[in-house]
1. Of all the helices (runs of 4 or more DSSP H) wholly in segment C:190-267, which have at least 1 residues that are within 12 Å of chain A (Cβ to nearest Cβ) and within 16 Å of ligand 3 (Cβ to nearest atom)?
2. Answer yes or no as to whether C:Ala139 is more than 14 Å from every other protein chain (Cβ to nearest Cβ), in contact (Cβ under 8 Å) with a residue 12 or more places away in the chain, within 16 Å of ligand 5 (Cβ to nearest atom) and within 18 Å of the chain's Cα centre (by Cα).
3. Residue by residue through segment C:38-89, note down the ones that are closer than 19 Å to C:Asn129 by Cα, more than 7 Å from chain B (Cβ to nearest Cβ), buried (at least 24 other Cβ atoms within 10 Å of the Cβ) and away from ligand 1 (no atom under 13 Å from the Cβ).
4. Considering segment A:1-56 alone, what residues qualify as being under 26 Å from B:Pro214 (Cα atoms) and among the hydrophobic types (A, V, I, L, M, F, W, C)?
5. In this structure, does B:Met92 turn out to be crowded, with 22+ Cβ neighbours inside 10 Å, in contact with a Ser or Thr (Cβ under 7 Å, 6 or more places away or on another chain) and outside any loop (DSSP other than H, G, I, E, B)?
6. Among the listed residues B:Thr272, B:Thr234, identify the single one that is touching a residue at least 12 places away in the same chain (Cβ under 8 Å), under 15 Å from the mean Cα position of the chain (by Cα) and not in a strand (DSSP E or B).
7. What number of residues in segment A:72-105 are free of Cβ contacts under 8 Å to residues at least 12 places away in the same chain and away from ligand 3 (no atom under 15 Å from the Cβ)?
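FYI, it's all coordinate maths here, none of it is from the lab. As the structure is a computational prediction, the values presented were derived from the model and not from experiment. Backbone-built Cβ (ideal geometry, glycine too); neighbour counts: all protein chains shown.
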Amino acid sequence: MSALPGWRELPRGAVILEPGSSVRYKTASWRVLKPVIDQDKCVRCRICWTYCPEPAIVELDQPYTSRSGKAYKVMYAIDYDYCKGCGICAEECPVKAIAMVEEVR
Amino acid sequence: MGKVMPLSGNYAVAYAVKAVDVDVVAAYPITPQTAVVEKLAEFVANGELDAEFLHVESEHSALSAVVGASAAGARVFTATSAQGLLLMYEIMHIASSSRLPIVMGIATRAISAPINIWCDHSDFMAASDTGWIMFMALNAQEAHDLIIAAYRIAEDPRVSIPVAIGYDGFVVSHTLEPVDVIEKEEALEYAPKRVSRPTLDPDRPVTMGSLASPDWYFEFRVQLQDAIENSRETISEALREFKRRFGREYREVDDFYTDDADVVIVSMGSTTGTALVFIEEARRSGMKLGLLNIRLFRPFPEVEVVKYLENAKAVAVIDRAVNAGSSFVGPLYSDVVVSAFKKSLDIPIVNYVTGLGGRAVVKSHIEFIAKHAYSLVGKKMREVKKHYSFIGVRE
Amino acid sequence: MSAFTIASIPREELLAPGHRMCQGCGAAIVMRHLLKALGKDIIIAHATGCVEVTTSLYPETAWRVPWIHVAFENAAAVASGIEAAVKALKRKGLMNPEKKVKVVAIGGDGGTVDIGLQALSGMLERGHNVLYVLYDNEAYMNTGIQRSGATPLYAWTTTTPAGKVWRGEWRRKKDIVGIVRAHGIPYVATVNFAYISDFYVKLRKASEIEGPTFIHAYAPCVPGWRYEPHLTVKIAKLAVQTGIWVNYEIDRGSFRVTTPVPKRLPVEEYLKTQGRFAHLMKEEVELIQKLVDEDVDYINKLAGSVVVGPVERK
Ligand SMILES: Cc1ncc(C[n+]2csc(CCOP(=O)(O)OP(=O)(O)O)c2C)c(N)n1
Ligand code: SF4
Ligand code: SF4
Ligand code: SF4
Ligand SMILES: [Mg+2]
């Protein structure tokens, strides 16, 4: 408690001045199962990225050539700081490129 | 100086709102406030006031809309009475805790049931715990002037708290008086628009009305208490400056003959006028009566009040509202008693509740009150058997 | 203008992670895409409810756009005031008149169809330039799953439990779109994020139209509907495929189903995914099917052709 600021230091009327500051709160601890994307299976359809409620899937401008030789300009990566492990991404992936695995902490 | 016009209290308020060039008005009709809204609609309709006028569907929405508008940086106004004020009650707390400089007029009226459209202070008093700065104007001129002062006070960066100006329903709201109307230029010079707070702006996104857990909530309530307590200085400064510019003096409390008074009557609103007439007569016949008019009700001017009670031998507090079942009955009484107790004033302070639901408060009532209080002179507070009585009610 | 596809969704996230909405929350998906669809130049007035409390926990916020919450029942009134302020301030030169700012009100089903209905009606009737978005999770979730006027027939909630006498909610879902539509506003639409392009097209249309517009968004709720969190999008899709939810718009009076469903699945396929319907008996499922059939007939009549087809049993 004593680490928190006193009332004189707080902005008036509980206004929050920093947009998107919830990023400071990591929701990783909510996760029981953890999604893992198989970059070689992934066909870059964007569906997992679209349906993540957090959002905890990022779209990176990172070229990648799959083992079967397909070249992609982007990659989808899970942000494990925020992924809550809901499993929507794995469920919706049309090519089953996402596996939900046991979280080992 | 402005132009003197015969105006009712309601119109006087509307002229003040026009003078300060408000940006957004949202209000809902209710007797006895209605004429304010009508007049403002007329001003907007004629192009005399460049404002958005919201025909809201309730008082709850009226205050909610001005909360939104104020959060977006606009100068806003609303007005209401009685049931309307109660409908706003939820949002009144939110407005003050969110530190929005809203100004509201309250044409005071009794609260249902039974439904009654006439004057008392039940509505005003019901709002007294909402964290707003509250004044009670004695007449139309004062209502006009205090509305203008309210904007200067509310928008002062040291304050940033909403302000309500009460004025007695019908007695003030509907009675024509010559009013010296302040012109826009003068009003805006005295109360320039100041937006020294974060507003809803896509270029600087802020979040307002957040959820505060037990780790945080308390601090914001203390902030508000501190701000309203410290607004006293800004308020007197604003009133002094008002006098300097416009010549009319308003103090937190008005004292009449308190220097040598045995009994001081404390009152608020139009009762003060009746009391003063009686007191001046009574003085001629040797009764040493004094009078204290409470103009600023929140923050309660306790230091000033006690200053004028110090020499009294008994105090009669007149209330036009009842807090049924409380230890104090009259709400004004509770503030006076607590203020006196803090200074250890051990004199009888008694409460007289009168004029509920528009029952006329006449000279004979004041006479009865004065005589009754006189009979307590020489006693101590604990020797008083009955701390309150109803005056003007049929047994 | 080329057709909107999943590839057209902007990358920028205006809802930040770290919010406290449940795992798999449908409302979170609605909010995320609502913001992407509308962009930065908006001001949001939000009603009390799940999304509000989980995104604005002091001292942090998930919002990257200006956002205000005042109370439960008044989002539409607050939005009206903001819109009026923007208008007045622009006109008076106190705000850049060139800046386009859209005011958006957001409320849950309770905050919209029940306690906020009056304020909503006032806002619509007065003609404010505000987009109102109802995210419908079909109960008061924030207070722990109590029924609302939007709770569907037979659904279990904590205030409509299934017992010896009650069989869950016994009244039908309030027709909020019908009520809103009766105000004669320029644009009303239903959206379901399982059909994401349709979602974007409608939100953008609703935002671009000057005047009051209304979006009714389907928002599955994991604990409230009692299903496993990974099923949120599946269930959303099933709602459309069974005809329980129809994606349509009423654009300046003209009605159009935007997601045709040539062959419907039986409602059972939808109901069985959710624990809130687990107590249903055969006759109850049949009654729901009958009522959905009737609704679909009505929709087809409005559309002037069969856009939602008959049920096809597997
Ligand atoms: C005037 C008032 N009554 C009741 C509440 C308690 N309350 C807060 S949120 C809520 C339910 C919200 O339901 P809904 O609008 O459907 O949003 P949801 O939480 O389901 O997303 C209730 C009953 C309140 N905050 N204010
Ligand atoms: S499991 Fe859920 S939260 Fe995690 S990345 Fe997938 S969709 Fe997002
Ligand atoms: S849903 Fe599957 S295929 Fe599509 S982008 Fe995500 S991981 Fe790749
Ligand atoms: S209770 Fe339902 S609506 Fe609320 S956050 Fe959880 S899933 Fe979302
Ligand atoms: Mg709900």
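1. On the way: elements: C:196-208, C:222-225, C:232-241.
So the answer is C:196-208, C:232-241.
2. Working: more than 14 Å from every other protein chain (Cβ to nearest Cβ): yes; in contact (Cβ under 8 Å) with a residue 12 or more places away in the chain: yes; within 16 Å of ligand 5 (Cβ to nearest atom): yes; within 18 Å of the chain's Cα centre (by Cα): yes.
So C:Ala139 passes the test.
3. Passing the criteria: C:Ile44, C:Glu83.
4. A:Met1, A:Ala3, A:Leu4, A:Trp7, A:Leu10, A:Ala14, A:Val15, A:Ile16, A:Leu17, A:Val23, A:Ala28, A:Trp30 - these are the residues of segment A:1-56 that are under 26 Å from B:Pro214 (Cα atoms) and among the hydrophobic types (A, V, I, L, M, F, W, C).
5. Working: crowded, with 22+ Cβ neighbours inside 10 Å: yes; in contact with a Ser or Thr (Cβ under 7 Å, 6 or more places away or on another chain): yes; outside any loop (DSSP other than H, G, I, E, B): yes.
Judged against the criteria, B:Met92 is a match.
6. Values: B:Thr234 fails: under 15 Å from the mean Cα position of the chain (by Cα).
It is B:Thr272.
7. Just the residues of segment A:72-105 that are free of Cβ contacts under 8 Å to residues at least 12 places away in the same chain, to begin with: A:91, A:104-105.
Add one more test, that the residue is away from ligand 3 (no atom under 15 Å from the Cβ), and what stays is A:104-105.
Total satisfying the criteria: 2.
Matching residues to (1) over 23 Å from the mean Cα position of the chain (by Cα); (2) surrounded by 19 or more Cβ atoms within 10 Å (Cβ to Cβ):
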| position | (1), (2) |
| --- | --- |
| B:Arg320 | no, yes |
| B:Thr354 | no, yes |
| B:Lys363 | yes, no |
| B:Ala370 | yes, yes |
| B:Ala373 | yes, yes |
| B:Val377 | yes, no |
| B:Glu383 | yes, no |
